[in-house]
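Colleague: Below is one structure. I have some questions about it.
The values are calculated or read from the model by the stated rules, or taken from the named source; none is laboratory data. Everything numeric here is computed off the predicted structure, so don't read it as measured data. Glycine also receives a Cβ, built like all others from the backbone with ideal geometry; neighbour counts cover every protein chain displayed. Accessible surface is based on the protein model in full, side chains and every heavy atom, while ligands, DNA and RNA are left aside. Shrake-Rupley method; radii C 1.70, N 1.55, O 1.52, S 1.80 Å.
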Amino acid sequence: MNIGEKVKNLRNEQGMTLKQLSEETGLSTGFLSQFERGITTIAVEHLATIADLFKVKINYFFEDESVNEPIVRGYDQPVIHKLNNIIYKQLSRSPKDKMIAPKLIEIMPHENRELPTTYPHQGEEFIYILEGILTLVIEETTYQLYPGDSAHYFSTINHNWDNQTNNVVKFIVVHHPNDY
């Protein structure tokens with residue numbers, strides 16, 4: 001069943017007409033009719049509006065994807081951990097049985113401007129900066145990493161990273177061995 005068919009089923013279950021759905025979402029009845037029949041696609045923000053309207057999570061529309069599927073969609077990255085001003089998102093469908101653990105990390109701006117305390121742990125670490133300026137401390141050296149920059153180091157040496165700016169920092173980190 002495609003996404004449009006799932007929307008149509010939800011609409012019919014709730015006794016809603018295409019016109020009513022159009023009024024609630026601001027999308028034309030013609031567009032919605034084509035979408036429900038699989039003729040056109042829909043923007044994620046409009047699908048999110050429809051999900052809210054029918055009180056379902058947006059991933060409801062994508063649940064037919066196999067759990068064994070190796071793909072993690074951008075709209076469906078599970079938040080695996082939140083710590084203070086840091087959000088960790090999982091980039092692997094099933095990381096527990098893999099050798100590496102890729103994550104998307106978002107560090108929100110915060111008031112503490114002290115360099116982070118460094119610490120070692122087993123293995124090695126790779127980071128790639130997507131957005132913002134990441135402060136990386138390795139041993140006694142402090143680096144500023146910009147979008148497109150990367151670092152690869154043994155994590156058995158003292159290291160840590162932080163956001164020392166007023167903007168969000170987003171980066172990908174990959175650990176080996178897997179830390180899940």
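Colleague: Any idea how many residues of region 29-65 are open to solvent by 40 Å² or more (accessible area, probe 1.4 Å), closer than 16 Å to N9 by Cα, without any contact (Cβ under 8 Å) to a residue 60 or more places away in the chain and among the acidic types (D, E)?
Modeller: 2
Residues are listed down the side, and each one gets a yes or a no for (1) touching a Ser or Thr at 6+ places or on another chain (Cβ under 7 Å); (2) at positive phi; (3) among the aliphatic types (A, V, I, L, M):
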| site | (1), (2), (3) |
| --- | --- |
| N84 | no, yes, no |
| L104 | no, no, yes |
| P120 | yes, no, no |
| H159 | yes, no, no |
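Colleague: Right, next: With respect to K170, is the statement that it is open to solvent by 50 Å² or more (accessible area, probe 1.4 Å), assigned to a strand (DSSP E or B), among the charged types (D, E, K, R) and closer than 23 Å to V44 by Cα true?
Modeller: yes
Colleague: Exactly one of these conditions fails for L21: (1) open to solvent by less than 50 Å² (accessible area, probe 1.4 Å); (2) more than 30 Å from H176 (Cβ to Cβ); (3) part of a loop (DSSP other than H, G, I, E, B). Give me its number.
Modeller: Failed condition: (3).
Colleague: Also, I was wondering about something else. For Y75, work out the one condition from (1) more than 19 Å from V168 (Cβ to Cβ); (2) in a helix (DSSP H, G or I); (3) not aliphatic (A, V, I, L, M) it doesn't fulfil.
Modeller: Only one criterion is unmet by Y75, namely (1).
Colleague: Could you please find all residues in region 123-148 being over 21 Å from D179 (Cβ atoms), open to solvent by less than 80 Å² (accessible area, probe 1.4 Å) and assigned to a loop (DSSP other than H, G, I, E, B)?
Modeller: Of everything in region 123-148, those that are over 21 Å from D179 (Cβ atoms), open to solvent by less than 80 Å² (accessible area, probe 1.4 Å) and assigned to a loop (DSSP other than H, G, I, E, B) turn out to be G132, I133, P147, G148.
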